[in-house]
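Peer 1: Please see the structure below; I have some questions.
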Amino acid sequence: MNNLVILIVIIPLIASFFCLIDKYIPHLQLAQIVSIGATLICMALLAVLFPPIFRGDVVSYSVGGWKEPLGISLHMDGFAWISSCMSMVVALFALIFAWAEKEHGNLFYFVFLIFIAGMQGVTLTGDIFNMFVFFEIFSIASYILIAYEGKTKSILASFNYLLISSLGMGFFLLGIVILYQHTGVLSLNDIANLMSKAGNSDFTLNLALICFVVGIGIKAAFIPLHIWLPDAHAFAPHPVSAILSGIAIKVSFLAIWRIILLFQAFDIEHIFLWVGAFTAFLGVIWAVAQVDSKKLLAYHSISQIGFIVVSFGVGRPLALDASYYHLLNHAFFKSLLFLCIGSVIYATGQRHIHKLGALRKKMPTVFFSFLVGMLAICGIPPFDGYASKALISISLNKHPVVYFFIFLSSIITVTSFLKLSGIFTGKPNKEKTSFISYKIPAKMRLSLVALSIICLATGIAPHFWIRTLDTFVTGRKLDIIPTVYSLHQLVATLLMVGLGFALYLFIRSSPGKKTLRFIRGFRLGLNNSILLVVVTFLIFILLSWIVAKGFVQF
Amino acid sequence: MLFFLSFVVFLVGLYCVMTRKNLLKIVMGIVIMEYAVNFFLVLLGYRMGGVAPIVTKGMENAKFVDPLPQAMVLTAIVISIATLAFLVAICVRIYQKYNTFDITEIRKLKG
């Protein structure tokens, strides 16, 4: 049983080797079949691991037989199990979509599988330096995947991401160094034990943790560290955008989550409450200003990460469950939306919102899947976004100012998706586009429909899902589960939709368009964005010092 | 003293990354920063007057340097070389498209 844990990391790596020899065996489509097979095998292994995990056990595997303080261990607890399942499901449908596109060679699948293996490693590992190595594995794979199509914009986006992210990894390594100097061990559990014995109000520990938060935070992309994200997610190939937005930023954020909760750094956790509020609000403002359909979705990823981070910052078990629930839902509906827009771009060859229109009749499957994703991200019942957003608002009942920001961002989310849905409902396009055909392949349709069904399934019966997440994420701490479908929440949703529609009418008018153009023109260069990362690091140090000294009470 | 030096090297790299306009110089800045961190890591493992941690007969009680940071630095160097190779490859591709390494020029051309 214990060996299964390492197999989840190793099987994608072994399969990636078979993708390389695909070139010598033509017409078999070995790379595609092997990569989908590898994800299916990993899902089967996860299913085998389900009973002990559900009982609350931790399945551990020591690499090379060396026990924890000396060797490296992989731990599979409920938290890691559910994260691992989430990434496997999204990866499977992204792979099926990539197969249907028929544009990618075997190298694409090779890198894609290494990417999956890296993310599984980050989720499972119990050793801080090993986590660094897995982070680098999946980052290098993601740089290659973003630049894979070889277009100029995607190469530049990959370059920006690479530079900013190497800076972040430098910070991460510095954090590891500080912790190692302090404790002399590298395993996460041992560091946490030693630290709690020594008392955790130490400035050195805080410094190390801030190094981790900034270093990993660059990949998780909350607001001061988000600059690489829109370009990278918008100009990557469509399945890669789906998996980057759906999983990669989540896995990075879950690593921060695990480190902070393990080291009981509640001071830093409270900083996240405000970081999240600004992330949600500013991200969505930029999103509504975009005219590139994939860029709009990419900015929405930032905004939705804000929702997740806010709820994490509250820190009570209910809020943690709400945060994880939204994270899970966002993984599904955002990858669904990216794949929908991807299939529209595949069929029409056009990605500008105003140059597309009236695709509803021509592409009904894509339209209905898009509708599911759109209603989910806006938080309309009975889809999954409603349940998790309602839970987040319930958990924010002691922080009215933050709730106000979150409510504003929900309104603008509705507006921006009304804008994006113009590509299906608006007037038909006069310009001739170099489209292939309006019919999309069956495999593409399969992955869209399957993800829509998942979105609907996680939204129906929210009580069941919250109870399940409570078991896996926080370990059965919730006594009562608040009702999601209360009158208060439903009225708030109705108000949100109404205001969103009113705002949509405003942005259609000429002063609204001028405002949007102004927001769109506001972009940072590479030098400035690196400066911003360093400044963020200093601000985080200052904030944690202020909170630790007790000058400000949250 | 040497700790301070590694910090200075780190700042030199950071300054280079933040102010230069040439893509290759930015890449060099990143490399200098990574090396500063590696230097710091090796320095932590060093014991004054220590020997290499190879246990042979008669050497059981000698003063050893800490081997773990060295292993970590080796891993980090390998990773940073892979990243560097990819960075330079991307720089070459950008040069082929735009005929310049200047990021302000590239932004203008990109529009």
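Peer 1: When you look at A:M88, is it at pLDDT 85 or above, in contact with a Ser or Thr (Cβ under 7 Å, 6 or more places away or on another chain) and open to solvent by less than 20 Å² (accessible area, probe 1.4 Å), yes or no? So that I can check it myself, show each step before the final result.
Peer 2: Working: at pLDDT 85 or above: yes; in contact with a Ser or Thr (Cβ under 7 Å, 6 or more places away or on another chain): yes; open to solvent by less than 20 Å² (accessible area, probe 1.4 Å): yes.
In short, yes.
Peer 1: Now, a different point. Within the bounds of segment A:309-317, is there any residue that is touching a residue at least 60 places away in the same chain (Cβ under 8 Å), on the phi < 0 side of the Ramachandran plot and aromatic (F, W, Y)? Break it down stepwise before answering.
Peer 2: Going residue by residue through segment A:309-317, those that are touching a residue at least 60 places away in the same chain (Cβ under 8 Å) are A:309-311, A:314, A:316-317.
Narrowing further to those that are on the phi < 0 side of the Ramachandran plot: A:309-311, A:314, A:316-317.
Now narrow it down to the ones that are aromatic (F, W, Y): none.
Checking segment A:309-317: not a single residue is touching a residue at least 60 places away in the same chain (Cβ under 8 Å), on the phi < 0 side of the Ramachandran plot and aromatic (F, W, Y).
Peer 1: Of the residues that make up segment A:496-515, is at least one open to solvent by 20 Å² or more (accessible area, probe 1.4 Å) and under 24 Å from the mean Cα position of the chain (by Cα)? Working first, answer last.
Peer 2: First, the residues of segment A:496-515 that are open to solvent by 20 Å² or more (accessible area, probe 1.4 Å): A:497-499, A:501-506, A:508-511, A:513-515.
Filter once more, keeping what is under 24 Å from the mean Cα position of the chain (by Cα): none.
Scanning segment A:496-515, I find no residue that is open to solvent by 20 Å² or more (accessible area, probe 1.4 Å) and under 24 Å from the mean Cα position of the chain (by Cα), so the answer is no.
Peer 1: Moving to a separate point now. Any chance you could count how many residues in segment A:191-211 are over 21 Å from A:K549 (Cβ atoms) and modelled with pLDDT of 85 or more?
Peer 2: 0
Peer 1: Looking at the structure I just gave you, is A:S35 hydroxyl-bearing (S, T, Y) and within 26 Å of A:W257 (Cα to Cα)?
Peer 2: Values: hydroxyl-bearing (S, T, Y): yes; within 26 Å of A:W257 (Cα to Cα): no.
When the stated conditions are applied, A:S35 does not pass them.
Peer 1: Just checking, how many residues over segment B:67-89 are more than 10 Å from chain A (Cβ to nearest Cβ), touching a residue at least 60 places away in the same chain (Cβ under 8 Å) and either touching a strand residue (DSSP E or B) at 6+ places or on another chain (Cβ under 7 Å) or closer than 16 Å to A:G168 by Cα (or both)?
Peer 2: Residues that pass the stated criteria total 0.
Peer 1: While we're here: Please indicate, with yes or no, whether at least one residue in segment A:351-369 is open to solvent by 30 Å² or more (accessible area, probe 1.4 Å), under 20 Å from A:W286 (Cβ atoms) and outside any helix (DSSP H, G or I).
Peer 2: Within segment A:351-369, the first condition is being open to solvent by 30 Å² or more (accessible area, probe 1.4 Å), and the residues that meet it are A:351-352, A:354-355, A:360-362, A:364-365, A:368.
Of the ones still in play, those that are also under 20 Å from A:W286 (Cβ atoms) are A:351-352, A:354.
Imposing the further condition that a residue be outside any helix (DSSP H, G or I) reduces the set to A:351-352.
Yes, because at least one residue in segment A:351-369 is open to solvent by 30 Å² or more (accessible area, probe 1.4 Å), under 20 Å from A:W286 (Cβ atoms) and outside any helix (DSSP H, G or I).
Peer 1: Also, I was wondering about something else. State the number of residues belonging to segment B:20-41 that are open to solvent by 60 Å² or more (accessible area, probe 1.4 Å) and either over 18 Å from B:T83 (Cα atoms) or not in a helix (DSSP H, G or I) (or both).
Peer 2: Qualifying residue count, segment B:20-41: 3.
Peer 1: Could you check B:V37 against (1) more than 8 Å from chain A (Cβ to nearest Cβ); (2) within 25 Å of B:F3 (Cβ to Cβ); (3) within 15 Å of the chain's Cα centre (by Cα) and say which number it fails?
Peer 2: Only one criterion is unmet by B:V37, namely (1).
Peer 1: Do you know which residues across segment B:97-108 are facing chain A (nearest Cβ under 10 Å) and either loosely packed, with under 13 Cβ neighbours inside 10 Å or β-branched (V, I, T) (or both)?
Peer 2: As a first pass, look at segment B:97-108 and keep what is facing chain A (nearest Cβ under 10 Å): B:97-98, B:103-104, B:106-107.
Within segment B:97-108, B:I103, B:T104, B:I106 qualify.
Peer 1: Next question, about the same structure. Among A:G175, A:G246, which is the only one that is closer than 28 Å to A:A141 by Cα, over 18 Å from the mean Cα position of the chain (by Cα) and open to solvent by less than 10 Å² (accessible area, probe 1.4 Å)?
Peer 2: On the way: A:G246 fails: over 18 Å from the mean Cα position of the chain (by Cα).
Of the residues listed, the single one that is closer than 28 Å to A:A141 by Cα, over 18 Å from the mean Cα position of the chain (by Cα) and open to solvent by less than 10 Å² (accessible area, probe 1.4 Å) is A:G175.
Peer 1: Restricting attention to segment A:198-240, which residues are open to solvent by 20 Å² or more (accessible area, probe 1.4 Å), free of Cβ contacts under 8 Å to residues at least 60 places away in the same chain, in a helix (DSSP H, G or I) and of a type outside the set (A, V, I, L, M)?
Peer 2: A:T204 - this is the single residue of segment A:198-240 that is open to solvent by 20 Å² or more (accessible area, probe 1.4 Å), free of Cβ contacts under 8 Å to residues at least 60 places away in the same chain, in a helix (DSSP H, G or I) and of a type outside the set (A, V, I, L, M).
Peer 1: Please tell me if A:R520 is more than 10 Å from every other protein chain (Cβ to nearest Cβ) and closer than 30 Å to B:F101 by Cβ. Write out each step before concluding.
Peer 2: On the way: more than 10 Å from every other protein chain (Cβ to nearest Cβ): yes; closer than 30 Å to B:F101 by Cβ: yes.
Considered against the rule, which asks whether it is more than 10 Å from every other protein chain (Cβ to nearest Cβ) and closer than 30 Å to B:F101 by Cβ, A:R520 comes out as yes.
Peer 1: Looking at A:K443, A:K439, which one is part of a helix (DSSP H, G or I) and within 30 Å of A:E103 (Cβ to Cβ)? Steps first, please.
Peer 2: Working: A:K439 fails: part of a helix (DSSP H, G or I).
One residue alone meets the criteria, A:K443.
Peer 1: Okay, moving on. For segment A:126-154, which residues satisfy the criterion of being open to solvent by 10 Å² or more (accessible area, probe 1.4 Å), of a type in the set (A, V, I, L, M, F, W, C) and either within 10 Å of another protein chain (Cβ to nearest Cβ) or closer than 23 Å to A:S529 by Cα (or both)?
Peer 2: Matches in segment A:126-154: A:F129, A:V133, A:I137, A:I140, A:I144, A:A147.
Peer 1: Let me ask another. Somewhere in segment B:47-61, is a residue open to solvent by less than 80 Å² (accessible area, probe 1.4 Å) and closer than 27 Å to A:I137 by Cα? Can you show your working first?
Peer 2: Residues of segment B:47-61 that are open to solvent by less than 80 Å² (accessible area, probe 1.4 Å), as a first pass: B:49-53, B:56, B:58-59.
Remaining after also requiring closer than 27 Å to A:I137 by Cα: none.
Taking every residue of segment B:47-61 in turn, none turns out to be open to solvent by less than 80 Å² (accessible area, probe 1.4 Å) and closer than 27 Å to A:I137 by Cα.
Peer 1: For A:S165, indicate whether it is of a type in the set (S, T, Y) and crowded, with 22+ Cβ neighbours inside 10 Å. Talk me through it step by step, then tell me what you get.
Peer 2: Numbers: of a type in the set (S, T, Y): yes; crowded, with 22+ Cβ neighbours inside 10 Å: yes.
Criteria met by A:S165.
Peer 1: Of (1) touching a Leu at 6+ places or on another chain (Cβ under 8 Å); (2) within 11 Å of chain A (Cβ to nearest Cβ), B:R20 satisfies all except one. Which?
Peer 2: (1)
Peer 1: Go through (1) farther than 30 Å from B:V92 by Cβ; (2) open to solvent by 30 Å² or more (accessible area, probe 1.4 Å); (3) within 9 Å of chain A (Cβ to nearest Cβ) and name the single condition B:F64 misses.
Peer 2: Looking at each condition in turn, B:F64 falls short on (3).
Peer 1: Helices (runs of 4 or more DSSP H) wholly in segment A:461-554 with at least 1 residues that are modelled with pLDDT under 75 - which ones? Please lay out each step first, then the result.
Peer 2: Numbers: elements: A:462-469, A:487-508, A:510-520, A:526-549.
Ranges flagged: A:526-549.
The values are calculated or read from the model by the stated rules, or taken from the named source; none is laboratory data. Since the structure is predicted, the reported quantities are computational estimates derived from the model, not experimental observations. Because the Cβ atoms are built from the backbone with ideal geometry, glycine has one as well, and the counts that use them run over all protein chains shown. Note: accessible area is taken over every heavy atom of the protein model, side chains too, but ligands, DNA and RNA are not part of it. Shrake-Rupley method; radii C 1.70, N 1.55, O 1.52, S 1.80 Å.
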